[in-house]
1. For peptide A:50-57, what's the mean number of Cβ atoms from other chains within 10 Å of each residue's Cβ?
2. Using the count of nearby Cβ atoms within 10 Å as a rough guide to exposure, how do A:57, A:161 rank from fewest to most?
3. If you count, for every residue in B:8-17, the Cβ atoms of partner chains within 10 Å of its Cβ, what is the mean?
4. For the stretch B:1-80, just say rounded, prolate or oblate: build the C-alpha gyration tensor, square-root its eigenvalues into a ≥ b ≥ c, call rounded for a/c under 1.5, and beyond that prolate if a/b exceeds b/c, oblate if not.
5. What does the structure give for A:9-15 when I average, per residue, the other chain Cβ atoms found within 10 Å of the residue Cβ?
6. Using Cα centres only, tell me the gap between the stretch A:136-182 and the stretch A:82-110 in whole Å.
7. For chain A, take the longest principal axis of its alpha carbons; what is the angle in degrees between that and the long axis of helix A:110-161, to the nearest 10 within 0 to 90?
8. Note the direction-averaged projected area, equal to a quarter of the hull surface, for the Cα convex hull of the protein assembly as shown, in nm².
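Bear in mind these aren't lab numbers, they're just calculated from the coordinates by the rules spelled out. Keep in mind that this is a model prediction, so the values were computed, not measured. Note that each Cβ is placed from the backbone with ideal geometry, even for glycine, and that neighbours are counted across all protein chains shown.
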């Protein structure tokens, strides 16, 4: 799917030229917001992959908007790159502390901006893949555990079925206990799977692994 | 360096380098910028006349950001000075700097118009 970059700058001219340059350099789709409130509105309604935001804007500072963004999106979910003048060193430090992933300085070098955008999009993608792999490992461990827990009572039940004293109460009781243990485990598995949708399809283009949603 | 180049109000080479391979966009950047300049300057002037220091700081900052795209060092320096005046909470002395900035901006606009014509001819 085509990645979408949200450009936030009060200066229409700067926004428009930067947007066109990014489209030209890395072929990414850009959406523009003229202020912080419009930026937050767009983030609520559209899937955005990265935000490029001017630090100083009338009415509000980019750093304030950044804090609001971080209340909803982590640095992995939505990378934010701040755009600043070279003299705004304290603002840059403040923004990085508030959760900005990176910053670029004015005059914006379009090649540098394009490289930083692509790098942060890739980092976010790798982090998401890594999180999914961790989730998969947890599921694998869970399956192994429950496989073991089902196997034990199942072996007991099967062994009892072949015994000559099958009709004796003590044997029936053993079979009953084993089956109830299995039933209890399947209930626990159901409770877990209801919380988590597991989708069996190709995970990524290169690895053939189970994709976990 | 020739006299003509040293008198340029902006770093033409640095500006064009950034737009390498996108000359049509460079031409558009100049035209749009020239179109927005009168409004930017009048907002700056209005802030000075109203004695609104925070507005002066903001407008000067915004203009400096745009000017930096053209590597117009002299203009950026004066805009930065206006920004500093606004940041100090006053607008005194701002008129003098605004007048100097207006003169420099006129020079920049003329130089950019020339470059724009050259770029148009190249694109055609």
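1. Working: counts 0, 0, 0, 0, 3, 1, 6, 3.
Mean inter-chain Cβ contacts per residue within 10 Å come to 2.
2. Final ranking by Cβ density, sparse to dense: A:161, A:57.
3. Values: counts 0, 0, 0, 1, 0, 0, 2, 1, 0, 3.
Mean inter-chain Cβ contacts per residue within 10 Å come to 1.
4. Values: a/c = 2.67, a/b = 1.76, b/c = 1.52.
Prolate is the answer for the stretch B:1-80, as a/c is 1.5 or above and a/b outweighs b/c.
5. Working: counts 2, 3, 7, 2, 13, 9, 0.
Going residue by residue through A:9-15 and averaging, the value is 5.
6. 62 Å
7. Helix A:110-161 sits at roughly 10 degrees to that axis.
8. Numbers: hull surface 98.0 nm².
Over all viewing directions, the protein assembly as shown projects a mean Cα-hull area of 24.5 nm².
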